[in-house]
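What follows is a set of notes on a single structure, which appears directly below.
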Number of protein chains: 2
Amino acid sequence: MNQDIFLVGSGLTRFGEWWDKSLKDLMDEAIKAALRSSGLSALEIDLVIVANMLAEVTNNQAGLGALASALLPHHPPAMRVEAACGSGALALHTACAFLESGRAKTVLVVGAEKMTDVSMDVISQALMGAADAELDAPSGLTFPGIFGLVAKRYMHEFGLTREELSIVSAVHHRNAAENPFAQFRTELSPEAVSESPLISDPLRLFDCSPVSDGAAACILSTSHKSPLRIVASQIASDTLSIAERPTIVSFPATREAMNRALLEADVERRDVRVVETHDCFSIAAVINMEDLGFAREGEGIKLYEDLYEGRASLFVNMGGGLKACGHPVAATGLKQLIDVGKHLSRASLPYGLAHNFGGAGATCGIHIVQNANV
Amino acid sequence: MNQDIFLVGSGLTRFGEWWDKSLKDLMDEAIKAALRSSGLSALEIDLVIVANMLAEVTNNQAGLGALASALLPHHPPAMRVEAACGSGALALHTACAFLESGRAKTVLVVGAEKMTDVSMDVISQALMGAADAELDAPSGLTFPGIFGLVAKRYMHEFGLTREELSIVSAVHHRNAAENPFAQFRTELSPEAVSESPLISDPLRLFDCSPVSDGAAACILSTSHKSPLRIVASQIASDTLSIAERPTIVSFPATREAMNRALLEADVERRDVRVVETHDCFSIAAVINMEDLGFAREGEGIKLYEDLYEGRASLFVNMGGGLKACGHPVAATGLKQLIDVGKHLSRASLPYGLAHNFGGAGATCGIHIVQNANV
């Protein structure tokens, strides 16, 4: 980073089904909470970046930059960034570039999604927009279908069992129980995951993150300070289509972004103790632990077993992850950064990491946060 | 600009109805043309920014950053920027910020839209995404409806006549006749405009830019040079809804972006001789000339009369504008920059300006280009 960039404010709506709130209402709620937490006047915001994937389909709404800007009294310059489920991290990355360029001193990044107002057919098709419409969608695949293939292949290559995989969502649900912003605050046993309805073999209902409404907002600044500093912001791309990949049991974009993020932050992997990772499906969390380098190839589940048994030194998805906190697509990357900050402060740890991806690992964004109070 | 940013390559597809080409095909064609014109290897691209508004609806396709990145051999980091019809300029602005931050040295910006594969109902509703879905759409308005209101009010306030307004599209069609990339290369008399079918009183068919397929790509670089340098990149926002504006006969976001762009470029308005402006509807071009300061309030049409009679010192929409060159929404802002560059070179003039907006002037992006060969 060529500038010191601080997370000076953050705000969340509770994730869930908000039939009485519009997309704009959700953005407004998160923005107001972020401004309150920052203590700044809205007039100090000189750029707004909105993260959103689905609003054209779910809300007949584009131009979300101007929509969000109009929620502030002075209508600052604004735009929307989209990278499917990785939109949040990509919007944060874009904000960092604007801050580093000197074009902005204080940027409001708001991610929002209103997914529950359309039918399951419509939302399933819209989410398939995160795969290649020419190469993947014609096979009749849905995203649970894609990650079902990923899980099947992973089990074939590494011997992961159905029972082992169920530990992942159990860990995430336990973590969500104390999170007031989580969509699901109920604990879930591994057995309940294994016995939940089959969605896309071998994935079951409780392996899958839900459809959610929600918004998350972060205020990043070079002119105002806080104990939480962004020390790395890296993104990487892979082919959008899984048909063009040599393997589907690892996501190289994560590996590339992680290597560059550690270099940029100049920290060792072992110094990063708090991780929010993109568990759109349970199998993704297992693979992510390996791609991020916190577990060896084929051994991601061992880390989750350690997490389940309370013997891991790493804190993973302390807010409940996408599975239990909810996954209003473009809000997720911002919520992850907020949760990393909260847990760093709570546990007095120095470094945390938010790992967000779009599609089946087609776009990855990683942010490393340093807690100066440690 | 805290860095010298050069337009080192550009490529276009012809705009039109391309039923045999996919969105990806169009992007690929423009990207290849841009790389050819730059003389650079694809491997020199270290960031891809895609401008697109409609692909979720028209192509079931999101994640366009990764989609475009996969067209290059090394899959560079990539994202999509959206600001309705202003997506192109906003993507260019974002590219400038990344270049100024030092995070990228050479950025490929590609704008693409594939609008003709869906029915007119679907595309009309999707384009209304550029207005406020809560405040404007429930009135039954379409975009021709919004600009019909704008034209009606403008005529009421300034006495513009239907016959005068018809000059605008006549000028644009004449300019397009020599443009091999234009959708419509037919000349059109003012009378033909006045007699074309009524769309939204007082606007007629030939006042309205068409539905188009097409792509445009620009390569911006700080490490490679060309005679064309970006000397200002400014954006501004207004309310997305016209219901929240004190007036609809002027777009303040244009005025704000223009003032800041002239300051940033440190040039006088009179030194800017080449202008590409956002004529989504003929009335918009008239208003834009006033908001950009090239005509006094209520007198934009006088400038168009001068253009029609060949006595203006300004060159406006030499590629045919949105009306005649076509308007594949997010490609437009990039095409404008390319056309400014072409005409600066052709006419040996020092400064040109691309003026792109989204919605009814809700988001505005202005780029000023300097031709170092003059």
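The values are calculated or read from the model by the stated rules, or taken from the named source; none is laboratory data. Here the structure is a predicted model, which is why all the values come from computation and not from measurement. Note that we place each Cβ from the backbone using ideal geometry, even for glycine, and neighbour counts take in every protein chain shown. Note: accessible area is taken over every heavy atom of the protein model, side chains too, but ligands, DNA and RNA are not part of it. Shrake-Rupley method; radii C 1.70, N 1.55, O 1.52, S 1.80 Å.
Observations on the structure shown:
- Residue match in segment A:97-105 (condition: within 23 Å of B:ALA130 (Cα to Cα), at pLDDT 95 or above and open to solvent by less than 10 Å² (accessible area, probe 1.4 Å)): no
- Filtering segment B:238-249 to residues that are open to solvent by less than 20 Å² (accessible area, probe 1.4 Å) and more than 19 Å from A:LEU72 (Cβ to Cβ) leaves only B:VAL249.
- Answer residue from segment B:67-96, given it is more than 24 Å from the chain's Cα centre (by Cα) and open to solvent by less than 10 Å² (accessible area, probe 1.4 Å) and is farthest from the other protein chains (Cβ to nearest Cβ) among those: B:LEU72
- Inspection of segment B:335-346 finds no residue satisfying the criterion of being buried (at least 24 other Cβ atoms within 10 Å of the Cβ) and touching a helix residue (DSSP H, G or I) at 6+ places or on another chain (Cβ under 6 Å).
- Residue match in segment B:352-366 (condition: in a loop (DSSP other than H, G, I, E, B) and farther than 18 Å from B:ALA236 by Cα): no
- Residue, nearest to the other protein chains (Cβ to nearest Cβ), within segment A:45-66, restricted to residues that are in contact with a Lys or Arg (Cβ under 8 Å, 6 or more places away or on another chain) and open to solvent by 10 Å² or more (accessible area, probe 1.4 Å): A:ASN59
- Segment A:1-42, residues that are open to solvent by 50 Å² or more (accessible area, probe 1.4 Å) and assigned to a helix (DSSP H, G or I): A:ASP25, A:GLU29, A:LYS32, A:ARG36, A:SER37
- For segment B:168-198, the set of residues classified as free of Cβ contacts under 8 Å to residues at least 60 places away in the same chain, in contact with a Leu (Cβ under 7 Å, 6 or more places away or on another chain) and closer than 24 Å to B:LEU303 by Cβ consists of B:SER196 only.
Residue by residue, here is whether (1) assigned to a helix (DSSP H, G or I); (2) surrounded by fewer than 22 Cβ atoms within 10 Å (Cβ to Cβ); (3) within 13 Å of chain A (Cβ to nearest Cβ); (4) touching a helix residue (DSSP H, G or I) at 6+ places or on another chain (Cβ under 8 Å) holds:
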residue	(1), (2), (3), (4)
B:VAL107	no, no, yes, yes
B:GLY111	no, no, no, yes
B:ASP117	no, yes, yes, yes
B:VAL122	yes, yes, yes, yes
B:LEU127	yes, no, yes, yes
B:GLU134	no, yes, yes, yes
B:PRO138	yes, yes, yes, no
B:LEU141	no, yes, yes, yes
B:GLY148	yes, no, no, no
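- Condition check for B:ILE283: aliphatic (A, V, I, L, M), in contact with a Ser or Thr (Cβ under 7 Å, 6 or more places away or on another chain) and open to solvent by less than 10 Å² (accessible area, probe 1.4 Å): no
- Scan segment A:37-72 for residues that are over 21 Å from B:GLY63 (Cα atoms), in contact (Cβ under 8 Å) with a residue 12 or more places away in the chain and out of contact with any Gly (no Cβ under 7 Å at 6 or more places or on another chain) and the total you get is 12.
- Of the helices (runs of 4 or more DSSP H) that lie entirely inside segment B:223-340, those containing 2 or more residues that are without any contact (Cβ under 8 Å) to a residue 40 or more places away in the chain span B:252-265, B:300-309.
- All positions within segment A:206-246 that are within 20 Å of the chain's Cα centre (by Cα), more than 13 Å from chain B (Cβ to nearest Cβ) and either among the acidic types (Asp, Glu) or farther than 27 Å from A:SER69 by Cβ (or both): A:PHE206, A:ASP207, A:CYS208, A:SER209, A:PRO210, A:VAL211, A:ASP213, A:VAL231
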